[in-house]
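Below is one structure, written out as structure tokens; the observations come after it.
Read-outs throughout are calculated quantities, based only on the coordinates presented, and are distinct from any laboratory measurement. Predicted, not measured: the structure shown is a model, and the values here were computed from it. Reconstructed Cβ throughout: ideal geometry from the backbone, glycine too, with neighbour counts over all protein chains shown.
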Amino acid sequence: MFTPQKTRNGLDTGYGLGWFVERDAGGRRYVWHGGRGVGGRSAIVIVPHARLVTVMLSNIEGERLDEHARRITAFFLEGIETSGVAPDLMRANGSGKPSPPFAYRAVPAPGE
């Protein structure tokens, strides 16, 4: 699904099976897809090597959420690269030290 397909001439299409496959300015590989329906839009960005997924949903039809989702993803990737810890692990114990995913010391506050 995340492997870009090729044309009959061997040119890379930048599109896997349902996913756009790209690299950011730092050379990091990610996949994404956006969608829309009456009255809303959605976007998902997946960075497999970083165990990072960004999802955005909106009731605004005119916005390109995929661009916003990629910028937010880049922000979290910078945090991962700086700390060396995946975001779910970093948030789980609040110290930046690895711990099992979803091992919260307290129930997350609304909106977290």
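Some notes on this structure:
- Separation of the R71 and K6 label points, Cα + 7 Å toward Cβ, nm: 3.6 nm
- Mean separation of Cα contacts under 8 Å, 6 or more apart, over the residue count of the stretch 12-79: relative contact order %: 22 percent
- Extension reserve of the Y15-R36 stretch, reckoned as 0.36 nm per residue once the Cα distance is removed: 5.7 nm
- Proximal charge balance of P48 [Cβ under 11 Å; K/R count +1, D/E count -1]: +3
- Estimated vicinal HN-Hα couplings, Hz - the stretch 56-69 in sequence order (Karplus 6.51, -1.76, 1.60; Gly, Pro = x): 10, 10, 8, 9, 10, 6, x, 7, 9, 5, 4, 5, 5, 4
- Kirkwood hydrodynamic radius over Cα pairs of the stretch 1-81, then Stokes diffusion coefficient at 20 °C and 1.002 mPa s, in µm²/s: 159 µm²/s
- Net charge of Cβ neighbours under 13 Å - reference G34; Lys, Arg +1; Asp, Glu -1: -1
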